[in-house]
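What follows is a set of notes on a single structure, which appears directly below.
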Amino acid sequence: MVVLNFTLSEEGVAVLHDALACMFKFSDDVCLEARKDKLTLTTLNISKSAYVCFTFAANRFFSRYSFEGSPQYRDRFFCQLYTRSLLTIFRARQGSVDQSRDRDASIDRCDVAIDDGVGKKSRLVARVSFRNGITASHSLPYEVKPPTHAKFNRDEAENHWVISSRTLRQLMDHFGPGIELLDINTDDEARVMNFTCFTEKVQKRGAVSNEAVLKKPLHTNIAVEMDEFDDVEVQDKLHIIISVKDFRAILQHAQMTSGALTTSYSNPGRPMKLSYSTDGVLCEFILMTVGEKDALTQKHKNPRANAAKAAAAPHLDSGSHRGSSVGNSNQPEPPTTTSRPPQQKTPVRPRQPAFEIRPSPIPPPTTARSDSLFVDQAEDDEQWEPVNPDEEEEETGRLEWNATNEPNPSSIRIGSYLSRQAEEAQEGPPDRLASGLEPTQRLSEVRRFGLFSP
């Protein structure tokens, strides 16, 4: 069963495409609501801070409009569609370079029907007929979902002004890229209305420092004389702030209609309504507003001082706590401890020269003037301690220098050691040493290596 059926001309297709392109800047989905006298397209951005509504009059905008309704939807029909798909259906077709063939490639008409009923697929069917005899048919499924409408109280909106959309569109040429917020305020003494754009994004100055600075510290103020407005009634020195992105999207579409832009609002924090109309089309936007710029930028004003206060605050609190907890005395802390900058809390490491970065090598033990062959264990026991203490006795036995039964040969003098060996040589060389090993070299052969003094 066909619930809605309407026909658009070539101009109507272009106007509908421009409206969908404007709504696509706010959200990816669009809600269609059909009544007997009008067709409404609405959308709400994901943050719920901007509401867009386009109302098309049935008797003025469409070439043919018929709302049949259904037992389930008698007064109105609503559904949700994908905006990008609608832009593909109602996009403008460009003609060829040859002027004689431009008319053949243009759109003749567009028939749109919405079919819904029991046992039928819910589809939006659009048939675009061209003057060259080509007909393109599109079928798009939809979701039955009621639209969301934003509320705006006209009675409390005491502040309002009206200006040409083209004149206001010229202001956007002075706004730089990356600007987020727009402050609108009036100055009755200068007879101007100020449009100040700025941003509140902050970034840290360094990776280690917690000091926050504005990412783009640029404020651009544009003053428009009151004579440029068709009607102005705004409270003096009243600051109201809106999103620059939403305001730019509205003005880009408003300049196509060449209509007058009407703005109404009450106080900061309450919604603002911007509206304009053209032949059979009413465009309404409701935007969220915030308070004065001074209240917003107070935390970002003089960021160095604020960062220093924030860093010094915990230090002052801890100092006062120590002064009150020790002895419960009322004597204040010395000014040197409370006024110490926070960077002095961390201990300063001693600065080392470049040649001290690497540790100096351990000097070798002196052997030229030593009285014994080994270093005395009492003087430097840890330096020559073996890696595995359990194997000390076994390793010492294998590395014995003499073949005597002396328990500590390192404490024997060289002279007494040589005299004892001479006496043993006179008695006769033993067949085998006490350790079980025969000598391999004579003492005279060893002396030439400089190990023993003559």
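The values are calculated or read from the model by the stated rules, or taken from the named source; none is laboratory data. This structure is a prediction, so every number in the text was calculated from the model and none was measured. Counting neighbours? That spans all protein chains shown, and the Cβs are built from the backbone with ideal geometry, glycine included. Areas reflect the complete protein model, heavy atoms only, side chains present, ligands, DNA and RNA absent. Shrake-Rupley method; radii C 1.70, N 1.55, O 1.52, S 1.80 Å.
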Report task. Kindly indicate which of ILE250, ILE222 is assigned to a strand (DSSP E or B), at pLDDT 85 or above and surrounded by 15 or more Cβ atoms within 10 Å (Cβ to Cβ). Result -> ILE222
Query raised in the report: Inside segment 1-54, counting only strands (runs of 3 or more DSSP E) that do not spill past its ends, which hold 2 or more residues that are under 36 Å from the mean Cα position of the chain (by Cα)?
Result: 29-34, 38-44
Query - Pairs with Cβ under 7 Å, 6+ apart, first in segment 190-207 and modelled with pLDDT of 60 or more, second part of a strand (DSSP E or B) and open to solvent by 100 Å² or more (accessible area, probe 1.4 Å) - result: ARG191/GLU225; VAL192/GLU225
Query raised in the report: Restricting segment 63-80 to residues that are assigned to a loop (DSSP other than H, G, I, E, B) and either in contact (Cβ under 8 Å) with a residue 60 or more places away in the chain or among the aliphatic types (A, V, I, L, M) (or both), which is farthest from ALA21 (Cα to Cα)?
Result: SER70
Query raised in the report: Can you tell me how many residues in segment 138-159 are over 17 Å from PHE90 (Cβ atoms) and part of a loop (DSSP other than H, G, I, E, B)?
Result: 15
Report summary line: Selection over segment 43-62 where residues are within 15 Å of CYS22 (Cα to Cα) and of a type in the set (S, T, N, Q) yields a count of 3
Requested in this report: Check segment 163-171 and report whether any residue there is of a type in the set (Lys, Arg), open to solvent by 10 Å² or more (accessible area, probe 1.4 Å) and in a loop (DSSP other than H, G, I, E, B).
Outcome: no
Query raised in the report: Within the set of pairs 6+ apart or on separate chains, which have a first residue in segment 229-241 that is over 21 Å from PRO271 (Cβ atoms), a second that is surrounded by fewer than 15 Cβ atoms within 10 Å (Cβ to Cβ), and C-beta atoms under 7 Å apart?
Result: ASP236/ASP188
Query raised in the report: Based on what the data block shows, is VAL3 of a type in the set (Val, Ile, Thr) and either on the phi > 0 side of the Ramachandran plot or modelled with pLDDT under 95 (or both)?
Result: yes
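Residue-wise test of (1) in a loop (DSSP other than H, G, I, E, B); (2) within 30 Å of SER70 (Cβ to Cβ); (3) open to solvent by 80 Å² or more (accessible area, probe 1.4 Å); (4) at pLDDT 90 or above.
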{"position": "LEU86", "(1), (2), (3), (4)": "no, yes, no, yes"}
{"position": "GLN94", "(1), (2), (3), (4)": "yes, no, yes, no"}
{"position": "ARG103", "(1), (2), (3), (4)": "no, no, yes, no"}
{"position": "ARG127", "(1), (2), (3), (4)": "no, yes, yes, yes"}
{"position": "ALA136", "(1), (2), (3), (4)": "no, yes, no, yes"}
{"position": "TRP161", "(1), (2), (3), (4)": "no, no, no, yes"}
{"position": "GLY176", "(1), (2), (3), (4)": "yes, no, no, no"}
Query raised in the report: How many residues are open to solvent by less than 60 Å² (accessible area, probe 1.4 Å) and in a loop (DSSP other than H, G, I, E, B) if we restrict to segment 253-268?
Result: 3
Query - Hits in segment 240-268 - residues which are of a type outside the set (Asp, Glu) and within 26 Å of the chain's Cα centre (by Cα) - result: ILE241, ILE242, SER243, VAL244, LYS245, PHE247, ARG248, ALA249
Report task. Considering only segment 143-159, state which residues are open to solvent by less than 30 Å² (accessible area, probe 1.4 Å) and within 36 Å of the chain's Cα centre (by Cα). Result -> PRO147
